[in-house]
Amino acid sequence: MSSATDAPAATDPHASIYDHGFVRVAAVTLPVALADATTNAERHLEVLRELHEQQVGLAVFPELSLTGYSLDDLVLQEPLLDAAEQAVLTVLEASEDLMPIIVVGAPLRAQDRSRIFNCAVVIHRGRVLGITPKQNLPTYREFYERRWFAPGDDAGDELVILGDLQEALTPHGIITVEDVPGLRLSVEICEDMWVPVPPSAEAALAGATVIANLSGSPITVGRAEDRKLMARSASARTQAAYVYAAAGEGESTTDLAWDGQTFVYECGDLLGESERFPAGVRSTIVDVDLDRLVSERRRQNTFDDNRRTHAASLEKFRTWSTTELLGSGQDSPEGELEGGEAERTRPATGPLRRPLHRFPFVPDDPARLAQDCYEAYNIQVAGLVRRLRQIGGGEKGGARPVIGVSGGLDSTHALIVCAQAMDRLGRDRSEILAYTMPGFATTEHTRSNAELLSRAIGASFETIDIRPASTQMLKDMGHPAGSGEEVYDVTFENVQAGLRYDYLFRLANHHGGIVVGTGDLSELALGWCTYGVGDQMSHYGVNAGVPKTLIQHLIRWVISEGIFDAATAEILRAVLDTEISPELIPTKPGEKAQSTEDSIGPYALHDFTLYHVLRRGYGPAKIAYLAHQAWGDAGAGRWPAGYVAEDERAYDRPEIKHWLTVFTRRFFSNQFKRSALPNAPKVLAGGSLSPRGDWRMPSDAVSAAWLAEIERDVPGE
């Protein structure tokens, strides 16, 4: 049988997950022929050949998978142990033609044959990379493992028998895969996960990024959720991937039952799971993002601080072996290449196998989205309440929120945040001072929405027409538009945007209030705001931690929760139906009105990029690959609840490359605006752009390296 990696390297830069920091892993459960190791070896190989064809890089089977777990005293019998050793050797020989790193379970005898160890054997390309003995042997309730097995925590100097071979146990071994950067594998077995300080915790501190758990784990009511809790917390705490496979069909039901649960977690996120109580083979096959694991550890400096704290106990860890997943070369246990540098190929793997989120700031799951909206809205409200209290606005007649309302998404949401803040302070909403300031391109639709909404929530509302003042300023400046010429440049736009906030700040002085900023996180990333006395500035910004793609869902959540009356809800729905526009450039009858997304690009793609830059630290090539996977097919995957069906669309690779270039240029060139941000609460774990929070960046940094990567590594066709 030929190897999947014998095929020529894919020429399409998006053809292989292995070019973009991923590894495909499989957690497998399969019917066991209890005490029949020969049959079990063949069943393993049938599965492994299928996984090989799917370009799986790591395959994890259950505890004692080559014999069955529920053997009781049969595990002490010589015929069974002989057969188990031969089964390992059968898999070992067959592995020469198989791509996956294979982790199987078997009982193995010590060199002197006086003890038996419950082992996970790691095999790749005809080599044993490590043999991990189970360290924590349960002997309570239904478990009697110390009756049969020796604990493996201090067995680092032990040898076990594999036919004519003697292999060292590696209870503290970590396997490095040299041609898949970031892949360092450690193994633990079942009960090892349940102790207060599991082996995986120390292994992660020692450098392991992927933890495999081979589990027997008979099922009782509630245990499945307990397993997932343990694995999820382990993966979140250690910033690792956790691959779990439990025993299932074929195990003895004399006193117990088995459900064959498999799943994979990554940094606390469930990537996939299989059905429980299956008939036949089940595999959870997902693609683990190794770049994410490394990036999270790099950012969370306390991870390495914790390693330093436990440095003495980590001395027992060392890399027992290395291998190459995609190359043809092999190396020695010490890591020295035999026969020179291996030829590296990247097999075409097809689409990513993991949850893909078009809107990483917006959960696809309706319940999770509702929870996120609840938290985001209340964070915004709580932030404004605290600020108002601090400056004497905690009681009636105190500092008043002053806000400019345009009838668009951002100012609408900021206004309903102000309304809720006043309710919590026990103040009348009429103390909110809401102003709409129509300019040369303001439509009656948005102006009307602004007024209707302000009056509906009970705010004090006024209209200030900025056109006369704008015309005078343009005339004083000698700008052609001041004399009526149709010159609609950036100066023409910023005169209007700046005057609006000039009025708001002076109105705040006049009425003893503070200007509540309405600009959002996406606008700050793109620099789509007027610097200084403009929408970049305020006394306190409530939306600065919220991306554009989430704001519409926050407004929908407010409607669904009935926070405001039915009449107000109808106006909010009208705002949701309005196209995003700065309304600064006049249009003639029949012309398309100014559109923000026509000018700077789709917020859907920009927020996608922003998340992966800000939260993950990814470069343009990986972001483009992920964007193509998430946005290449409008019919694939899930869309967030409430998303308008006619807005569902796909983006091709030229569009992705173009708008990624736009984002990169704007993100770098507009840092100076973010360096001078007013106070605003951080809302999402995805990050903020405050120089006092998540993001610190020199305003005069250049984007050359990022743009060069786009030109070099991002396909445009």
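Students often forget the sequence filter, so: which aspartates and glutamates lie under 14 Å Cα-Cα from LYS682 once same-chain residues fewer than 8 apart are removed?
ASP372, GLU375, ASP520, ASP694
Could you work out the relative contact order of the chain? I mean the mean sequence separation of Cα pairs under 8 Å and 6+ apart, divided by the number of residues, in percent.
11
Taking each pair of different alpha-carbon atoms in segment 69-164 once, compute 1/r for the pair, average those values, and report the inverse of that mean as the Kirkwood hydrodynamic radius in Å to one decimal.
13.9
Hey, rough spin-label estimate for GLN472 and ASP577, points 7 angstrom out along Cα→Cβ, what's it come to in nanometres?
About 3.9 nm, to one decimal.
Positive end of the dipole of the chain, charges at C-beta (+1 Lys, Arg; -1 Asp, Glu), about the Cα centre: which of ILE189, PRO589, MET473 has its Cα farthest in that direction?
Farthest along the dipole direction, towards plus: MET473.
At 0.36 nm per residue, minus the direct Cα-Cα distance, what do TYR374 and THR139 gain on full extension? Give it in nm, one decimal, please.
80.0 nm
How much length is gained if the chain between TRP639 and ASP12 is pulled fully straight, taking 0.36 nm per residue apart and subtracting their Cα-Cα distance, in nm to one decimal?
Details: separation 627, 0.36 × 627 = 225.72 nm, distance 2.75 nm.
Taking 0.36 nm per residue and subtracting the Cα distance, the gain is 223.0 nm.
Where both residues lie in the chain, what percent of DSSP beta bridges are antiparallel, nearest 5?
So the antiparallel bridges in the chain amount to around 55 percent.
Set the Förster radius R0 to 45 Å, insert the Cβ-Cβ distance between GLU570 and ARG308 as r into 1/(1 + (r/R0)^6), and round the FRET efficiency to 0.05.
Working: r = 59 Å, r/R0 = 1.31.
Once the sixth-power term is evaluated, E becomes 0.15.
If I model a spin label as a point 7 Å beyond the Cα along the Cα-Cβ vector, how far apart are those points for VAL702 and ASP423 in nm?
About 5.3 nm, to one decimal.
Considering only protein heavy atoms, what per residue accessible area in square angstrom results for segment 251-335 with a 1.4 angstrom probe?
In whole numbers, segment 251-335 has 47 Å² accessible per residue.
Note the per residue figure in Å³ for the convex hull of the C-alpha positions in segment 650-698.
101
If R0 is 25 Å, what FRET efficiency do you get for LYS588 and HIS658 from their C-beta distance, rounded to 0.05?
Step by step, r from the Cβ atoms, then E = 0.30.
Sorted by accessible area (1.4 Å probe), largest first, how do HIS658, HIS172 line up?
HIS658, HIS172
For the pair ASP164 and ALA367, what calculated FRET efficiency results from E = 1/(1 + (r/R0)^6), where r is the Cβ-Cβ distance and R0 = 51 Å, to the nearest 0.05? Show your work: numbers first, answer last.
Details: r = 57 Å, r/R0 = 1.12.
So, using R0 = 51 Å, E works out to roughly 0.35.
log10 I(q)/I(0), Debye, Cα-only segment 555-681, no solvent, q = 0.12, 0.14, 0.17 Å⁻¹?
Taken in order of the listed q values, log10 I(q)/I(0) reads -0.67, -0.90, -1.18.
Can you give me the distance in nm between label points at ASP97 and THR463, each placed 7 Å from the Cα along the Cα-to-Cβ direction?
8.1
Could you tell me which of the pairs LYS475/LYS592; LYS548/LYS673; LYS396/LYS548; LYS134/LYS228; LYS622/LYS657 are separated by over 22 angstrom between their Cα atoms in the structure shown?
Over 22 Å apart, Cα to Cα: LYS475/LYS592; LYS396/LYS548.
Regarding segment 151-230, what are the three Cα extents along the principal axes, ordered largest first, in Å?
Principal extents (Cα only, largest first): 43, 33, 21 Å.
Quote the Stokes-Einstein diffusion coefficient, in whole µm² s⁻¹, for the chain, based on the Kirkwood radius over alpha carbon pairs, a temperature of 10 °C and a viscosity of 1.306 mPa s.
56
At each listed q (0.14, 0.15, 0.20, 0.28 Å⁻¹), what is the log10 of I(q)/I(0) that the Debye formula gives for segment 64-104 modelled as equal alpha-carbon point scatterers?
Summing over Cα pairs of segment 64-104 leads to -0.37, -0.41, -0.65, -0.97.
Could you give the alpha-carbon Rg of segment 1-125 over 2.2 N^0.38 Å, rounded to two decimals?
Computed over Cα atoms of segment 1-125, the ratio equals 1.19.
Would you mind telling me the share, in percent, of accessible area of the chain contributed by carbon and sulfur at probe 1.4 angstrom?
Values: 14000 of 28560 Å².
Roughly 49 percent, rounded to a whole number.
Using only Cα atoms, figure out Rg for segment 465-584 and give it as a multiple of 2.2 N^0.38 Å. Please report the intermediate quantities before stating the final value.
Working: Rg = 17.0 Å, N = 120, 2.2 N^0.38 = 13.6 Å.
Cα Rg divided by the expected 2.2 N^0.38 Å: 1.25.
The values are calculated or read from the model by the stated rules, or taken from the named source; none is laboratory data. Just so we're clear, the structure is a prediction, and the values are computed from it rather than from any experiment. Because the Cβ atoms are built from the backbone with ideal geometry, glycine has one as well, and the counts that use them run over all protein chains shown. All accessible areas refer to the heavy atoms of the entire protein, side chains included, with ligands and DNA or RNA removed. Shrake-Rupley method; radii C 1.70, N 1.55, O 1.52, S 1.80 Å.
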